[in-house]
Amino acid sequence: MSKAFAPLSLDLDNKWSYLKTHGDDAWRSFPTYLETIVPRALSVLAERDLSITWFIVGKDAEMAGHHDLLASIPAAGHEIGNHSFLHEPWLHQYTPADLKDELSRAHHAIGEATGETAVGFRGPGFSLSEETLDVLASLDYRYDATTFPNALNPVGRFYYLRTSNLSDEEKEKRKALFGTMKDAFRSNRPYRWMLSSGASLVEVPVTTMPLFRVPIHFSYLLYLGGKSPALARLYWRMALTMCKVAGTTPSLLLHPLDFLGSDDEPDLAFFPGMNIESKRKLDLMAEFLGMWQERYTTTSLGSYVESLHALKEKSPADLMKRPD
Ligand SMILES: [Zn+2]
């Protein structure tokens with residue numbers, strides 16, 4: 001039996017964006033680890049013959065020192081997507097004018113650095129609004145891959161706010177981070193946004209475990225794997241089986257920290273799963289990716305979206321507003 005096609009993507013969050021979200025002032029000098037993570041992830045993917053989608057942050061694309069690194073990604077056969085300019089997870093609180101500026105600035109910077117035109121977007125921290133979809137359509141984007149129907153969102157927010165160094169004002173701004181319980185009940189399968197302008201955009205949610213709606217992407221598996229590899233294996237096997245039984249094609253994401261260990265980035269020790277050494281992490285990743293490849297033929301999000309037909313149509317009014 002031939003394997004089904006399923007998309008993988010990597011959100012190329014840089015070190016500065018994690019420090020910024022955590023409330024650490026060191027972010028202001030834009031510290032970067034792209035020179036470590038980009039070649040390392042490219043080599044893991046090449047060894048397994050995987051072509052995926054990389055969502056790039058505009059600010060990183062604008063830095064001249066990153067141009068060759070970022071151009072090496074499409075040169076290796078991967079798709080390029082837009083992950084906003086400043087990676088602010090409160091993007092849905094921007095004014096329409098600021099939002100347009102933010103997304104088109106990222107679009108152009110990414111195009112210039114990579115030589116590729118992005119047609120897909122993922123919002124930072126799963127942040128999405130109707131205005132975002134309108135701006136994406138005006139830039140001729142074909143899909144958005146931001147929504148994350150995850151029942152553990154409020155847990156993530158609690159953990160994040162509790163462990164951060166943010167002032168009360170900054171915490172207020174981040175109140176809607178990682179979504180609300182409502183997000184858990186969004187669709188776990190692709191559909192089409194029908195926008196008031198008449199344009200449309202395909203939505204590919206980041207898949208969570210069918211029925212239970214808990215995260216199944218690699219960072220979460222590694223977090224479990226740091227505690228017990230046997231538990232992580234069992235959980236991953238269950239997630240893949242649940243997707244099969246539910247008839248849900250998983251669209252899963254990777255993060256730079258899935259390829260970096262405590263020996264690479266001791267400053268990021270506050271991050272879940274960053275207490276694991278890189279060698280051990282890469283061994284776990286090899287195992288999890290192997291289990292994925294036993295079941296699926298990997299594709300980029302762009303190719304996956306092109307293969308979808310007869311999608312359910314939704315209005316952005318269904319995109320339930322988050323608290324301001
Ligand atoms: Zn991100």
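Among the residues of segment 8-36, write down those that are hydrophobic (A, V, I, L, M, F, W, C) and either modelled with pLDDT of 95 or more or buried (at least 17 other Cβ atoms within 10 Å of the Cβ) (or both).
Leu8, Leu10, Leu12, Trp16, Leu19, Trp27, Phe30, Leu34
Scanning segment 207-252 for residues that are in a helix (DSSP H, G or I) and polar (S, T, N, Q), which turns out farthest from the chain's Cα centre (by Cα)?
The qualifying residue farthest from the chain's Cα centre (by Cα) is Thr241.
Within segment 37-95, which residues are away from the ligand (no atom under 16 Å from the Cβ), modelled with pLDDT of 95 or more, of a type outside the set (Gly, Ala, Ser) and not in a helix (DSSP H, G or I)?
Arg48, Asp49, Leu50, Met63, His78, Glu79
Any residue in segment 254-274 that is loosely packed, with under 14 Cβ neighbours inside 10 Å, closer than 16 Å to Ala6 by Cα and within 22 Å of the chain's Cα centre (by Cα)?
No, because not a single residue in segment 254-274 is loosely packed, with under 14 Cβ neighbours inside 10 Å, closer than 16 Å to Ala6 by Cα and within 22 Å of the chain's Cα centre (by Cα).
Whether any residue in segment 196-213 is touching an Asp or Glu at 6+ places or on another chain (Cβ under 6 Å) and closer than 16 Å to Ile276 by Cβ is what I want to check.
Scanning segment 196-213 turns up no residue that is touching an Asp or Glu at 6+ places or on another chain (Cβ under 6 Å) and closer than 16 Å to Ile276 by Cβ.
Over 23 Å from His22 (Cα atoms) and in contact with a strand residue (DSSP E or B) (Cβ under 6 Å, 6 or more places away or on another chain): which single residue out of Leu133, Leu139, Leu69 fits that description?
Answer to the check: Leu133.
Can you find, within segment 11-36, the residue that is nearest to Phe121 (Cα to Cα) among those that are among the hydroxyl-bearing types (Ser, Thr, Tyr) and within 12 Å of the ligand (Cβ to nearest atom)?
Top of the filtered list is Ser17.
Considering (1) surrounded by 20 or more Cβ atoms within 10 Å (Cβ to Cβ); (2) under 28 Å from Asp24 (Cβ atoms); (3) in contact (Cβ under 8 Å) with a residue 60 or more places away in the chain, say which one Pro250 fails and leave the rest.
The single condition Pro250 does not satisfy is (2).
Somewhere in segment 192-207, is a residue acidic (Asp, Glu) and under 23 Å from Lys314 (Cα atoms)?
Checking segment 192-207: at least one residue is acidic (Asp, Glu) and under 23 Å from Lys314 (Cα atoms).
The values are calculated or read from the model by the stated rules, or taken from the named source; none is laboratory data. For clarity, every value in this text was computed on a predicted model and none was experimentally measured. All Cβ positions, even for glycine, are placed from backbone atoms using ideal geometry, and neighbour counts span all protein chains on display.
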